[in-house]
Amino acid sequence: MASSATISRPRFRCFDPSNSYPATPDHPRYFSSAVSPTSSSSSSSSSPRENGFRSTMAISNNSEPKIVTGEGGYVLEDVPHLVDYIPDLPTYPNPLQDNPSYSVVKQYFVNADDTVAQKIVVHKDSPRGTHFRRSGPRQKVYFESDEVHACIVTCGGLCPGLNTVIREIVCGLYHMYHVKRILGIEGGYRGFYARNTVPLTPKVVNDVHKRGGTILGTSRGGHDTSKIVDSIQDRGINQVYVIGGDGTQKGAAVIFEEIRRRGLKVAVAGIPKTIDNDIPVIDKSFGFDSAVEEAQRAINAAHVEAESVENGIGVVKLMGRYSGFIAMYATLASRDVDCCLIPESPFYLEGPGGLYEYIEKRLKEDGHIVIVIAEGAGEVLLSASLRKDEQDASGNKLLQDVGLWLSQNIKDHFTKQRKMNITLKYIDPTYMIRAIPGNASDNVYCTLLAHSAIHGAMAGYTGFTVGPVNGRHAYIPFCRVTERQNKVVITDRMWARLLSSTNQPSFLDLKEVANKVAETKKEDTEDQLIDGENHIEATAASNPK
């Protein structure tokens, strides 16, 4: 039976502390225009702040973040909730309390005030820092099972694990929350108003995780907010699961804002997807492990080709438009790579310490060399006639094939200028890597992402994306994962390990290094660094909990 104040006693232990933190608006994301905590939307008896956060919650206007501050420099960057704009919503017992699969779990429902710290390496007297709301099932849900009409949409480029996320959202809703009405939106955002939908059941999605791509189809662009929300409203959809990269998450944020403006009881949950691992805050994006693993095959082929001939050169271009994580981790995993070039680390071709000099040195010493280059590396070296100013439907700049350009320049330099006989093989496995199914690690990770999104939507949270932060899954405001891109930090120990592994030059003089260090200290890189290291390297992301 619905209730706005009480629920039936659960079978699991669930703690509901009632701490009270003084609100001190000293956080850079705290806006003075926020609604007072005494407003009706923050004092509702059914508020999701669940005692601990209710007295300090500050609901901000439009897309401004919700900030809760506490003692010791504690800051919670909270996510929106349906009761923020639809007060007095009834609550219902979570169906999981009667699910026999979870009867042995001692504490399945997360504590009401649980948060996840963005930074875990702190100093003795440093503040507690920024936190995010911990994901997981809540005692109370804001949707009845029969009421839920969910939809799933995939947008942007392909990525290993897309079908796994789709499968686990469907199976999670069906088996954990007894939701029977789930639609797949075909063809990306434009599918809401220009394509068909497909009913999704556990039987339909049973084996899809074994296939690459997405069974729903995808596209770039096509985001018409009014038409999309009209379709959501007309179809009676009240839970929207959006799987895509930063551009897709920006679109989901706009959809949420329109839904909130119309006062609809619709939860919007994002699952961040990018094979480049360039989404900030979270430890890593799904599909990244699979991509690095598959890249090994291309690197191995380049190495076999290069070492089989005299003066053999293998060039492998990997994904990484603006962030070189795949190239960096594939290089470290392979140990067959002699030089790794990424967008974050400028390089030059000619002169002392340049790439040509290094290639010649390796050829004389080893007889071969393997070079890995990310697709966005060396853009500044391309002549103006080669660089493109065109964009795809998502607004991404169309890049010239830097791998082909570099290969041709290497050939011209050594055959025409140095008069050396070389054999160069160029391998571009980009679309082969994107099209594979997720590996075991990514399949487990995708399951956790899907379940986190489901628990959040059922608990009434909306306008959020999910992901592991320091190994613990959390609900993160859309604005945090779309405000910038995660990049390799070339002044930390991880990049130093790569340079040590390949013995390549850094292509930076001491003055440039000093400037890079100064820039890193000046910028707010807390999302990207943990005690001066690349975020993914310093976390337990490979074993998310």
*Quick one: which residues, 5 or more positions from Val370 or on another chain, have an amide H under 5 Å from its amide H? H modelled 1.01 Å from N in the peptide plane, none for Pro or chain starts.*
Gly314, Asp338, Cys339
_Rounded to whole Hz, the Karplus (6.51, -1.76, 1.60) HN-Hα couplings of segment 442-454, x for glycine and proline_ = 5, 5, 5, 4, 4, 4, 5, 4, 4, 5, 4, 5, 4
_Charge-dipole axis of segment 78-187 as Lys and Arg at +1 and Asp and Glu at -1 on Cβ define it, positive-most pick from Gly184, Gly161, Ser126_ = Ser126
*Arrange the peptides 467-474, 425-432 so that the one whose residues have, on average, the most other Cβ atoms within 10 Å appears first.*
467-474, 425-432
*For segment 225-344, restrict the atom set to alpha-carbon positions and state the Rg and Dmax in Å.*
20.8, 70
*Please list, in chain and number order, the residues 5+ apart from Thr423 or on another chain whose amide H is under 5 Å from its amide H, with Hs placed from the backbone.*
Gly312, Ile313
*Cross-link pairs Lys119/Lys487; Lys250/Lys317; Lys364/Lys416; Lys66/Lys250; Lys106/Lys140 - those with Cα-Cα distance over 25 Å*: Lys250/Lys317
*Using r as the Cβ-Cβ distance of Ser101 and Arg262, and R0 as 35 Å, what FRET efficiency do you calculate, to the nearest 0.05?*
0.40
_³J(HN,Hα) computed for each position of segment 174-188 - Karplus, 6.51 cos²θ - 1.76 cosθ + 1.60, integer Hz, glycine/proline x_ = 6, 7, 8, 10, 6, 7, 10, 9, 9, 10, x, 8, 7, x, x
*Taking square-rooted eigenvalues a ≥ b ≥ c of the alpha carbon gyration tensor, is segment 400-499 rounded, prolate or oblate, where a/c under 1.5 means rounded and, failing that, a/b exceeding b/c means prolate?*
prolate
_With a 1.4 Å probe and all protein chains left in place, how much of the accessible area of segment 172-269 comes from carbon and sulfur atoms, in whole percent?_
46 percent
*Please label the shape of segment 183-251 as rounded, prolate or oblate, based on the square roots a ≥ b ≥ c of the eigenvalues of the alpha-carbon gyration tensor (a/c under 1.5 means rounded; beyond that, a/b larger than b/c means prolate, else oblate).*
oblate
*Enumerate by residue number the GluC sites (Glu not before Pro) in segment 258-356 meeting two conditions: DSSP loop (anything except H, G, I, E, B), and at most 12 other Cβ atoms within 10 Å of the site's Cβ.*
Glu310, Glu350
*Name the long-range amide H neighbours of Thr465: under 5 Å, sequence gap of 5 or more, or other chain; modelled H, no Pro or chain starts.*
Gly270, Ile476, Phe478
*Which whole-Hz couplings ³J(HN,Hα) result when phi for each residue of segment 363-370 is put into the Karplus expression 6.51 cos²θ - 1.76 cosθ + 1.60, θ = phi - 60°, listed in order with x for Gly and Pro?*
5, 5, 7, 10, x, 7, 8, 10
_Treating segment 210-286 as a set of equal point scatterers at the Cα positions, no solvent, please give the Debye-formula log₁₀ I(q)/I(0) at q = 0.17, 0.25 Å⁻¹._
-0.73, -1.24
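The values are calculated or read from the model by the stated rules, or taken from the named source; none is laboratory data. Fair warning: this is a prediction, and the values are worked out from it, not measured in the lab. Because the Cβ atoms are built from the backbone with ideal geometry, glycine has one as well, and the counts that use them run over all protein chains shown. SASA here: full protein model, heavy atoms, side chains in, ligands and nucleic acids out. Shrake-Rupley method; radii C 1.70, N 1.55, O 1.52, S 1.80 Å.
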